Structures are given as structure tokens and as C-alpha cells.
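The values are calculated or read from the model by the stated rules, or taken from the named source; none is laboratory data. Source: prediction; values computed, not measured. Because the Cβ atoms are built from the backbone with ideal geometry, glycine has one as well, and the counts that use them run over all protein chains shown. Protein only, heavy atoms only, side chains kept; ligands, DNA and RNA dropped before computing areas. Shrake-Rupley method; radii C 1.70, N 1.55, O 1.52, S 1.80 Å.
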Amino acid sequence: MQVAAKEFATDTAPVSVARALRESGLQACDAKLLLQAVLDVNRAYLAAHHDQFLSPMQAAAYAERVQHRMAGEPTAYILGEREFYGLNFKITPAVLIPRPETELLVEMALERIPQDQSCKVLELGTGSGNIALTLARHRPLARITAVDCSEEALAVARQNAAQLLAANNRAVMFKKSDWFDALDGETYDLIISNPPYVASDDAHLRQGDVRFEPRQALNGGAGGLECIRRIIQGAPSHLCAGGWLLFEHGYDQAHACMELLAQSGFDRLFCAKDLAGIPRVSGGLIDGGMS
């Protein structure tokens, strides 16, 4: 099927939207997303115009994108963007691709950030900035610091901030830091993170889209808990009384996370499941303060 994409790119006969999708050899969702980008149209337009013909330039551009996807490159990197919580984020191979299950982490945070008063929030490992910027859009009074150890990731996050926040919005400050190292004793009302939590020997690191993503954003060391442990142990000294720590973790890590939280003095421990029923977000409160 990969050959078909090359064929319709050089075929002298006009190529319709229906044929381009049919002969791409890709899953329907990927084929449609790539063609929407080439034609610069939305999903509804594409569905209503299956008889439209591609120009030779469009057919060639689509075939090129199909080849990249057939080689395993993630669709988000080919398109250079990914939707998250209703917002469109610039994505490059320097950052982890935002995933739908991480929206649960955002929802848990929004429940704990007041709408009508200021609140200091820290995001650890911001990547594309999708979590911090989503929080800023929904809680404009929050003052958010988002850190990452990668300059390349921070550059992407700042581009997303310029696109998604008003020019005079200073709600999010991006800073280079290896977790808490550059925060100089600052304290926050909420700390949130989607840290690396895949075990270093997990075969999934060598499969599928994950092969193309930055390893440091995925590899959580032996057992996948090294980064989570460091965050939990460091968070109490950076949380105000009554402050929350929330973080995403792997499907089989909830029990270990609960134990680590308890050992570090957190109260009101919880674990929330994603839409697939998988334990996905855990957290706790310091010093038993306000809910």
C-alpha cells in the first residue's frame, strides 16, 4: 500500500480526495489528518468533498507525508501540532506528544485552583507547555511557573505561549530547571507534573510512536519511579500549607505512588482513573489545609 501513495503522486490522472484516502495505506484517522493539513481544511469539509481533486502539488505533498507516517513517524510530528484540551499546540520532536489521558491531570488541577483569586502553581517538566498554558487559559488569575531541563522544549513552550496567551499575559513564566534545582526555595499552592514514568527496560520504549519521542521525557529509570520519587520527596519543601501535589503515572504504579506520598507526609491521598478505568493521576495535600 505504501507504493500506492507514490503512484498517485506521479499519476497523470486527477486524484480525488476519496482515492487519496483509500490508497494511502494508513489508518483512516491518520490519512484524514494528513490530508486535511495538505488541503488546509477541517474534518467536516473533507467529509463533504470526497469528489474534490488534488492538484499535482497537493498530491505530492500528501504522498510525502504518507511516506513519513508509513516509516513510523508520529502524525503529530509530521503535522507539527496536536490538539489538547481544546487548544492547538505546536509540537516538535523536542517535546512529548500530548495525550488525551493527561487531560485528567488538568481537570484535577482545575478543581483545586480557585477561579476568583490568585494562586501560585508550579509545573515540573512542561515540555510543549500544554498543561501550564491550558491552566492559564482556564484560570487567568493563577501565577504559573513552568520548568523543564531542556532548552529546546522551553523554546517550543514559549512559542505556544505566544500563540495561545494574549500579548500582555504574564500568567506563565518558563524557566530552565532540573525539577526543583533552580527554584531557590520558592513555595506554591499547587505542584503538578506529567513526569517520565516508563521503566528503562520497558519494551514500549522501542515500539510505535514512542521511538520518536524524546527519551528523557519518557524514561523513568529502573521501575519507572525515579522521577516520581524525586518529585514527591522534593515537593513538601516547595508547597505552602494546604498545598497540593498532583502527578500522572503508569497504569501499575498507583500503589507505589500512594506509599511514597504517605512516606513524605502527604495527607488526603487520592488516585483518579482515566476514561479507560486505568489509575492515572495521584496526589495529596501537605499539612492538611484547605481542600
Taking loop as defined by DSSP and a crowding limit of 14 other beta carbons within 10 Å, which trypsin sites (Lys or Arg not before Pro) in the stretch 88-193 fit? 170
About the Cα centre, and with charges only on the beta carbon of Lys, Arg (+1) and Asp, Glu (-1), how big is the dipole of the chain? Nearest 20 debye, please. 440
So if each residue of separation counts as 0.36 nm, and I subtract the Cα-Cα distance between residue 173 and residue 116, what length gain in nm does that give? 18.5 nm
Extension gain, residue 52 back to residue 272 (0.36 nm per residue minus Cα-Cα distance, nm): 74.6 nm
Which of the following values of percent of Cα pairs over 23 Å apart was calculated from the structure shown: (1) 55; (2) 59; (3) 49? (2)
Stokes-Einstein D in µm²/s, Kirkwood radius over Cα pairs - the stretch 184-287 at 25 °C with 0.890 mPa s viscosity: 173
Probe radius 1.4 Å, ligands and nucleic acids ignored: give me the carbon and sulfur share of the accessible area of the chain as a rounded percent. 50
Is there a quick way to get the dipole size of the stretch 123-278? I mean about its Cα centre, with the Cβ of Lys and Arg at +1 and of Asp and Glu at -1; what is the value in debye to the nearest 20? 480
Mean ellipticity per residue at 222 nm, deg cm²/dmol - from DSSP H runs of n ≥ 4 across the chain, formula -39500 (n - 2.57): -10500 deg cm²/dmol
Return a single number: how many Lys pairs in the chain, at a sequence separation of 8 or more or on separate chains, have alpha-carbon atoms below 22 angstrom apart. 6
Distance in nm between pseudo-label sites at residue 210 and residue 163 (7 Å out along the Cβ direction from Cα): 2.6
Roughly what % antiparallel, to the nearest 5, for the DSSP beta bridges in the chain? 45
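When ligands, DNA and RNA are left out and all protein chains stay put, how many square angstrom of accessible area per residue does the chain have with a 1.4 Å probe?
48
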